[in-house]
Amino acid sequence: MNSFQRPGFRQADIAATTANFMSRVYFWMMAGLALSGLVAYALASEPQQVINLVNNKLLFFGIIILQFGAVIVLSTLMNRMSLMLTTSLYLAYAILSGVTASIIFLVYSASSISQAFFLTAFSFLGLSMFGYLTKRDLGPVGTFCMMGLFGLIGIMFISFFVTSMQTGTFSMVVNVCAIIIFAGLTAYDTQKIKNSINGLVSAEDAKKAAISGALMLYLDFINLFFSILRLTGDRR
């Protein structure tokens, strides 16, 4: 029996506890985004550093592999890790993401990046608010979007070997599909994170769950941002 099923636990208390938990999730998500943004901007202020990073294939792909590794560990082993290790790994992931994201400053104009960021922020706010407030079960939406995401990854993989698919039209279709998919996942993940508090039994579990939820929303936000930027951004 979790804490929300105890006799006498008022609905108002449940709402307050849920709001407190979600505010912690959003805090860590924004902290991660801010850290990534600062790292990316700092590196991009010295363009030669970014060029050196891209040219060093071993280092560049090593960082990408570390990013994937951090996500996998946080997603599968969080319950076995301490709160400090969970927090440190999340912040390390945000730093690594900032390093790889610095490349966009060489590819796109600053105004395009700013426009895409604010468009993503407003879209994310509305989608996440919908996921938080709606009483409708968004499970089918999440399932559909995950299937779409795997399908999109498969198509993109095939395009590496089929040169006829590497066109501007194909890229536009992929980015539009990605925007739709991550928009749906943003709403679904918000509802999923909100409901996850019902299974928490300790304060430390709640704090680690908040970081796990922040990572999910961070990934939704950053992928939505990159998709919008690729679709609307002006290349240098």
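The values are calculated or read from the model by the stated rules, or taken from the named source; none is laboratory data. Treat the numbers as computed from the prediction; the structure is a model and nothing was measured. Using ideal geometry, Cβ is built from the backbone for each residue, glycine included, and neighbour counts are taken over all protein chains shown.
At-a-glance table
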{"item": "Qualifying residue in segment 219-233 (condition: under 28 Å from VAL99 (Cα atoms), in contact (Cβ under 8 Å) with a residue 60 or more places away in the chain, touching a helix residue (DSSP H, G or I) at 6+ places or on another chain (Cβ under 7 Å) and in a loop (DSSP other than H, G, I, E, B))", "result": "yes"}
{"item": "Qualifying residue in segment 194-213 (condition: assigned to a helix (DSSP H, G or I), in contact with a Gly (Cβ under 6 Å, 6 or more places away or on another chain) and in contact (Cβ under 8 Å) with a residue 12 or more places away in the chain)", "result": "no"}
{"item": "Options SER111, SER102, SER75; residue that is more than 16 Å from ALA210 (Cβ to Cβ), in contact with a Leu (Cβ under 8 Å, 6 or more places away or on another chain), among the polar types (S, T, N, Q) and in contact (Cβ under 8 Å) with a residue 60 or more places away in the chain", "result": "SER102"}
{"item": "Subset of segment 24-47 [within 17 Å of the chain's Cα centre (by Cα), touching a residue at least 12 places away in the same chain (Cβ under 8 Å) and more than 13 Å from ILE95 (Cβ to Cβ)]", "result": "ARG24, VAL25, TYR26, PHE27, TRP28, MET29"}
{"item": "Selection within segment 64-86 - crowded, with 16+ Cβ neighbours inside 10 Å and β-branched (Val, Ile, Thr)", "result": "VAL71, VAL73, THR86"}
{"item": "Candidates ILE180, ILE153, filtered to the one that is surrounded by fewer than 12 Cβ atoms within 10 Å (Cβ to Cβ) and either closer than 25 Å to VAL107 by Cβ or modelled with pLDDT of 95 or more (or both)", "result": "ILE153"}
{"item": "Total residues in segment 78-87, condition more than 17 Å from the chain's Cα centre (by Cα) and either free of Cβ contacts under 8 Å to residues at least 40 places away in the same chain or under 16 Å from LEU217 (Cα atoms) (or both)", "result": "4"}
